[in-house]
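Shown next, in structure tokens, is the structure this report addresses.
The values are calculated or read from the model by the stated rules, or taken from the named source; none is laboratory data. Keep in mind it's a predicted model, so treat the numbers as computed, not measured. Backbone-built Cβ (ideal geometry, glycine too); neighbour counts: all protein chains shown.
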Amino acid sequence: MVNNPNSPFADKAALCDWLNQFTHPWLVHEWADTPGLVHWQGDQAVIITLPFAASSVADALTDWIADQQAQQIATDLNVSVKVRVTPLAANDKPLLKGVKNLLVVSSAKGGVGKSTTAVNLALGLQALGARVGLLDADIYGPSVPMMLGAVDEKPSSPDGKMMSPVLAHGLYTNSVGYLVPADNATVWRGPMASKALSQIMNETLWPELDYLVVDMPPGTGDIQLTMAQQMPVTGAVVITTPQDLALADAIKGVNMFSKVHVPVLGVVENMSYHICSACGHHEAIFGTGGAERMARDYAIPLLAQVPLHIQIRQDIDEGTPTVASSPDSEQAQAYIELAGRVASRLYWHGQPVAEQISIKTL
Ligand SMILES: Nc1ncnc2c1ncn2[C@@H]1O[C@H](COP(=O)(O)OP(=O)(O)OP(=O)(O)O)[C@@H](O)[C@H]1O
């Protein structure tokens, strides 16, 4: 109960009622009532902490409050809005040391744009104010070093045991591609591939990260299943393309995660429609409606429809992914929007864990 007679609100519930008038697609109805988000001791200082990558929401909320105060509402309060990502429980496994949330990006078949999406999604989370790592676990086609323009980099190992990730475009990254030339990795099979994978998974010394995005090998076989089972995964995103066959495969991907109790956040339809680089015209070259139908029939959220755009391919081939090179473009905004949806769904459907007990070694 707040007893300050000068306060515009009788108590915290009244303060939260006021804040709940601010709405955003990434916030739930009556978001301000969520424990831990609004701090107010009854004095003039109110601190709002958004618990997932959402700096654009923080900016919009700050503007809304300024607007309200310009209308003489709550003028006595000094409200600050910040983002601090909350660690979430991951299928009963202890979190990776330093990593608050582990997000896997997967596809049932190769070539659908899984790595391109993983890289731009990681950069999108970063654009929303998070500290992000990217683990390239695609041992058969480790493309992350090339996509980040870091093929000549190598992780350092100050203690001769653990690897320090390579920093590229602000992302902390590791990949078997840094350890062996990309051409060799594609011929790896069985034990060699598993050994390389367990090495980068267990011997990387991640700094404090809000999100670690893992680019999985394509497919729904044993190796993917084992990985999904062994990692402390907070949520999975499945990438597909609009063709009927790819959509049918995406269901396999969703089912694989369900088997090992990993929550699937939803599906991304990549190359959903073509944007002409000359005139900006949108054309649905593979037809429309398939992903929406699948989402409806199988109750899987459709997280984003990413356009097919020549610039996405050119940027990533040059090692400067679109979200890093032209963050204001329509294509980059599609990835940033995806990142916000992923981060918000992860939080609102997740189970927060206390930070001091969450950080354990695997
Ligand atoms: N939305 C897009 N617009 C234009 N080009 C794209 C888009 N998404 C992916 N690409 C291009 O398609 C090709 C395949 O993409 P990518 O390597 O990301 O697929 P993948 O599913 O990770 O493949 P793999 O199974 O080999 O790992 C790349 O050349 C990439 O630049």
Please find, within the stretch 130-142, the residue that is nearest to the ligand (Cβ to nearest atom) out of those that are buried (at least 22 other Cβ atoms within 10 Å of the Cβ) and over 11 Å from the mean Cα position of the chain (by Cα). D138
With the requirement that a residue be part of a loop (DSSP other than H, G, I, E, B) and more than 9 Å from the ligand (Cβ to nearest atom), what does the stretch 101-124 give you? N101, A108
Which one of these is touching a residue at least 40 places away in the same chain (Cβ under 8 Å) and touching an Asp or Glu at 6+ places or on another chain (Cβ under 9 Å): F52, F22? F52
If D159 satisfies all but one of (1) near the ligand (Cβ under 10 Å from one of its atoms); (2) of a type in the set (D, E); (3) free of Cβ contacts under 8 Å to residues at least 40 places away in the same chain, what's the number of the condition it fails? (1)
Could you give me the residue pairs with C-beta distances under 6 Å whose first residue belongs to the stretch 29-41 and is outside the structural domain of G350 (by TED's automatic domain parsing), whose second residue is in a loop (DSSP other than H, G, I, E, B) wherever it lies, and which are 6+ apart or on separate chains? E30/N20; A32/N20
Take the residues in the stretch 225-250 that are within 16 Å of the ligand (Cβ to nearest atom) and modelled with pLDDT of 85 or more; name whichever of them is farthest from L265 (Cα to Cα). T241
Restricting attention to the stretch 287-317, and to residues there that are of a type in the set (A, V, I, L, M, F, W, C), in contact with a helix residue (DSSP H, G or I) (Cβ under 9 Å, 6 or more places away or on another chain) and more than 8 Å from the ligand (Cβ to nearest atom), which single residue is farthest from H169 (Cα to Cα)? M294
Condition first: modelled with pLDDT under 90 and among the hydrophobic types (A, V, I, L, M, F, W, C). Now tell me which residues in the stretch 178-219 satisfy that. L179, V180, A182, A185, V187, W188, M192, A193, A196, L197, I200, M201
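The rows are residues; the columns are (1) exposed (fewer than 15 other Cβ atoms within 10 Å of the Cβ); (2) part of a helix (DSSP H, G or I).
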{"site": "A236", "(1), (2)": "no, no"}
{"site": "L247", "(1), (2)": "no, yes"}
{"site": "I251", "(1), (2)": "no, yes"}
{"site": "S258", "(1), (2)": "yes, yes"}
{"site": "V267", "(1), (2)": "no, no"}
{"site": "C279", "(1), (2)": "yes, no"}
{"site": "T288", "(1), (2)": "yes, no"}
{"site": "I300", "(1), (2)": "no, no"}
{"site": "T320", "(1), (2)": "no, no"}
Could you tell me which numbered condition V166 fails, if it satisfies all but one of (1) within 28 Å of A53 (Cα to Cα); (2) more than 16 Å from the ligand (Cβ to nearest atom); (3) touching a residue at least 40 places away in the same chain (Cβ under 8 Å)? (3)
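For (1) outside any helix (DSSP H, G or I); (2) in contact (Cβ under 8 Å) with a residue 40 or more places away in the chain; (3) under 22 Å from T322 (Cβ atoms), each residue gets a yes or a no:
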site	(1), (2), (3)
V254	no, yes, no
V262	yes, yes, no
I285	yes, no, yes
E292	no, no, no
Can you say whether A278 is farther than 30 Å from A54 by Cβ, of a type outside the set (K, R) and more than 16 Å from the ligand (Cβ to nearest atom), as far as the supplied structure shows? no
Report yes if some residue within the stretch 70-91 is part of a helix (DSSP H, G or I) and not hydroxyl-bearing (S, T, Y); otherwise report no. yes
